[in-house]
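Before any comments, here is the structure.
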Amino acid sequence: MKVFVISPGMYTYGAMVIAGIVRDAGHEVTLTRTLEAPPGETVFLSLYSTQNLMDDALKSFISAYRHAGGRVYVGGPVSAVPRMVLGELGPDAVICGEGEAGALALLRDGISPDVPGIAYTGPDGAVFSGPAPPCPVSRPLPFIPKEIGMQDVRGASAYIETHRGCIGACTFCQVPRFFGREMRSRPLDEILAEVQAFKDAGARRLSVSGGTGSLYGYTDGNLNDEAFADLLRGMAEIMGPKNVSSPDIRVDCISDTVLDAIRDYTIGWVFFGLESGSDRVLRLMGKGATAAQAGEAIDACRAHGLHVAGSFIVGYPTETAAEYEETKDFIAEYALDDVFISIAEPIPGTPLADLSLRTPDTENPAFAPHTGEYKSLHLTEAEARSFDLRMHADLFKPGLHVVTDQIFNAYLAEVRKDGEMVRKVTDLLRQYA
């Protein structure tokens, strides 16, 4: 059977995994980033963003392809609320959660209530066949496209999966809900064989994925920092340490061994999801750590010679002006090497989505109009905080960072775009609440 795996815009790791298992099952596979496929075949769409559900080009492609006799199956993180995917995109079926087994079962058996982990539209509405069991993490090599070396995702050609699951319970994150909270680590020899295959295909830099890299080898409630060090050492021996990164780490998942390994075998950066300087907001987010613990983690990284970047989320429903000021104070105190700021996006299937639906617009910074110093810019409170924090963070980054008119206008355009998307996602949630 001819199968087309489409990953719109960029080659996601999930799309490469699905294409690989379908290929190894004996099918003829094409992996592409464009919405194109010959009529009458089977298409798997790998979608990672809620924004995909509002993409008119994607909707048109699915409708036209099905009308011409082809089959379209949708999978990826958007599957968290399958009724929403069916209603907005109209595919033949949605593969819910981990997709390997569901993809092969659909190719073998077609749409049926006996295929676990899928959703489809029946005579009486949406049908969900029930959750599929977690997939084995030991598997063949992914389908690596020839042009992988030309791809750049946050500085890497690809993010490779070393484990599934997360011990955290962040209310804005899909990872523990998609993969569960039980850690499943891949065999080291398989990971390193995959790293070699990526290098042979032209990959320039690889990053460790999985939410928090140092959870690799996590067992019985304990970090296995030696396993993590072995992982990075093995990757560096293949790629070279300047072509490996393991940026995403929880502030409560570090040790001297972990930090030394990041320093010795990677580009030397740590990326913490810091999110807020307010302990009340951090509890609301389910972070499991305080602002003081975050500060201690930053200090530890610098003691080991590492650069530290941090992400912050502003405009969380019920976040007060005083709590936002605590985030500004945190940034001023720790002068991070880089800062990434986003407005709280209620991703479907997360507790944040539920909180957004319960919060009146007048109390939700994503909708409430800003009445302070940026009033003339006609921003929401969340947009104003995002805009303000970007400029504030620039004041405390190492080196000189001047906010020129060009940077001012770029920041303004970014926060308006982010704010509009958050409101669109919230409105979409309301339709399916």
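The values are calculated or read from the model by the stated rules, or taken from the named source; none is laboratory data. Nothing here was measured: the structure is a model prediction, and the numbers come from that model. Quick reminder, even Gly has a Cβ in these numbers, built from the backbone with ideal geometry, and neighbours come from all protein chains shown. What goes into the accessible areas is simple: the full protein's heavy atoms, side chains included, and nothing from ligands, DNA or RNA. Shrake-Rupley method; radii C 1.70, N 1.55, O 1.52, S 1.80 Å.
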Cys in the chain lacking any partner Cβ under 4.7 Å -> Cys96, Cys135, Cys166, Cys253, Cys301
Partner lysines whose C-alpha sits under 18 Å from that of Lys146, ignoring same-chain residues fewer than 8 away, are Lys199
Cα-based Rg/(2.2 N^0.38 Å) for region 239-311, rounded to two decimals, is 1.13
Whole-percent carbon and sulfur contribution to the accessible surface of the chain (1.4 Å, no ligands, DNA or RNA) stands at 53
Stretched fully, the stretch from Asp256 through Gln196 gains (0.36 nm per residue minus C-alpha distance, one decimal, in nm) 18.8 nm
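Cα-Cα pairs above 19 Å in region 117-232: how many percent? Display every interim value, and only then the final one.
Numbers: 3777 of 6670 pairs.
The answer is 57 percent, as a whole percent.
What is the ratio of the Cα radius of gyration of region 275-433 to 2.2 N^0.38 Å, with N the residue count, to two decimals?
On the way: Rg = 15.9 Å, N = 159, 2.2 N^0.38 = 15.1 Å.
Taking N as the residue count of region 275-433, the ratio is 1.06.
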Any residue on another chain or 5+ positions along whose placed amide H is under 5 Å from the amide H of Phe340 is listed here as Gly310, Ser311, Phe312
Measuring from its Cα centre, the chain shows a charge dipole (+1 at each Lys and Arg Cβ, -1 at each Asp and Glu Cβ) which, in debye to the nearest 20, is 920
Expressed per residue, the solvent accessible area of the chain in Å² (1.4 Å probe) is about 42
The lysines whose Cα lies under 26 Å from the Cα of Lys287, excluding any fewer than 8 residues away in the same chain, are Lys328, Lys397, Lys424
Computed over region 51-209, the convex hull of the Cα set has an average projected area, in nm², of 11.1
Between Glu333 and Thr290, the two model label points (7 Å from Cα along the beta-carbon direction) sit apart by a distance in nm of 1.1
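I want the antiparallel fraction of DSSP beta bridges within the chain, as a percent rounded to 5.
So the antiparallel bridges amount to about 25 percent of the total.
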